[in-house]
Amino acid sequence: MKINITLISPEFNTSFFLRLAISFLLILTTTFHAFSQPTNPPGMTYIPEGYFQMGRSSGGEKDERPMHYVYTSAFYIGKYEVSNAEYRKFVEMTHHPKPPFWNDDRFNPPDFPVVGVNWNDAMAYARWRGGRLPTEAEWEKAARGVDGRLFPWGAKWDKGFFFYFVNVYGEDDNFAYTAPTTYYEGGASPFGLLNMSGNVWEWCLDGYSVDYYRNSPERNPEGPKIFSMKVLRGGSWANDIDGAEVTRRARNFPNVRKEMYGFRIVIPANP
Ligand SMILES: [Ca+2]
Ligand SMILES: [Ca+2]
């Protein structure tokens, strides 16, 4: 008795396995693609790698010149300054010392930026969140994008002469001291970050040197290593509008706490 064991024809067989293999590859590719897309950590904004114009070619202070092209790798940066509510979680979980202005009603609402933190406090918080402070280059790129503007929203008076888009000193901008970190959406940077100009000065990772731009590396500069003062950026509620230009470079010692000093954090995208 003859038994036919060829249940599937050779043609069908090849075609079936080819289709199966292609389907498998497609699923694999889609899955990999999904995992390789940047997934923003909560409250953070993705800034792609690439060059931008750092500093300025004229005006401002000597330390803001010359304008030069700088490359940064991709990173995530806080859309907002770190708030009192966020910093409170850190203090409660780590027993890190409380900021000195926490009993001051002008500064302590939960949704307002934490102030009175020094560079070391800011770094401790950033590390607790799995990140660090932004380098000056990262901060400036996030604040102005790639077109060399001097304010996050564009040119100085692009938003008119009323100040409902930035918290500075002595203007009708709704707040005499700090303002909520989510306020002033009209002054958002090209990447959608708020209060890069004004509200609180923001500590950066870098040490400060007046002539750093004359010899800084083109890719991912991290500031001079031998200087003891740290950079602060963006101006605050205690500065006028010109003090809130995104090229302005303030500095202070890493142990100084002031009621106009705060920060936001960075998490590298490809650590
Ligand atoms: Ca103000
Ligand atoms: Ca700010």
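Laboratory data are not the source of any read-out in this text; all were calculated from the coordinates shown. From a predicted model like this one, the values you see are computed outputs, not experimental measurements. Cβ atoms come from the backbone with ideal geometry, glycine included; neighbour counts cover every protein chain shown.
Could you name the lysines in cross-link range of K98, using Cα to Cα under 26 Å and dropping any fewer than eight places away on the same chain?
By straight Cα distance, K98 reaches K79, K89, K230, K258.
Report relative contact order for segment 40-268 in percent, whole number only (criteria: Cα-Cα under 8 Å, sequence separation at least 6).
Once normalised by length, the contact order is 28 percent.
At a 10 Å Cβ-Cβ cut-off, how would you order V210, V117, fewest neighbours first?
The fewest-first ordering by Cβ neighbours comes to V210, V117.
Taking R0 as 25 Å, what's the FRET efficiency between S228 and A85 from their Cβ-Cβ distance, rounded to 0.05?
0.20
Starting with the fewest neighbours, write out D63, D121, D206 ranked by other beta-carbon atoms found within 10 Å of each beta-carbon.
D63, D121, D206
List the aspartates and glutamates whose Cα sits under 16 Å from the Cα of K225, skipping any in the same chain fewer than 8 residues away.
Within the straight-line limit of under 16 Å, K225 reaches these aspartates and glutamates: E136, D206, D211.
Sort 179-187, 86-94 by the packing proxy (mean of other Cβ within 10 Å over each peptide's residues), most packed first.
Taking the mean over residues of other Cβ atoms within 10 Å, the ranking is 179-187, 86-94.
Please list 195-204, 253-262 highest first by mean number of surrounding beta-carbon atoms within 10 Å per residue.
Top to bottom by mean Cβ count within 10 Å: 195-204, 253-262.
Treating the beta-carbon of each Lys and Arg as +1 and of each Asp and Glu as -1, no other charges, what is the dipole magnitude of the chain about its Cα centre, to the nearest 20 debye?
820
Take the Cα gyration tensor of segment 40-268, multiply each eigenvalue by 5, square-root it, and list the three semi-axes largest first, rounded to whole angstrom.
Working from the Cα gyration tensor, I get semi-axes of 24, 21, 16 Å.
Using the number of other C-beta atoms within 10 angstrom as an exposure proxy, rank I226, I241 with the fewest first.
With the sparsest Cβ surroundings first, the list reads I226, I241.
What value, in deg cm²/dmol to 500, does the helix sum -39500 (n - 2.57) over DSSP H runs of n ≥ 4 give at 222 nm once divided by the residues of the chain?
-7000 deg cm²/dmol
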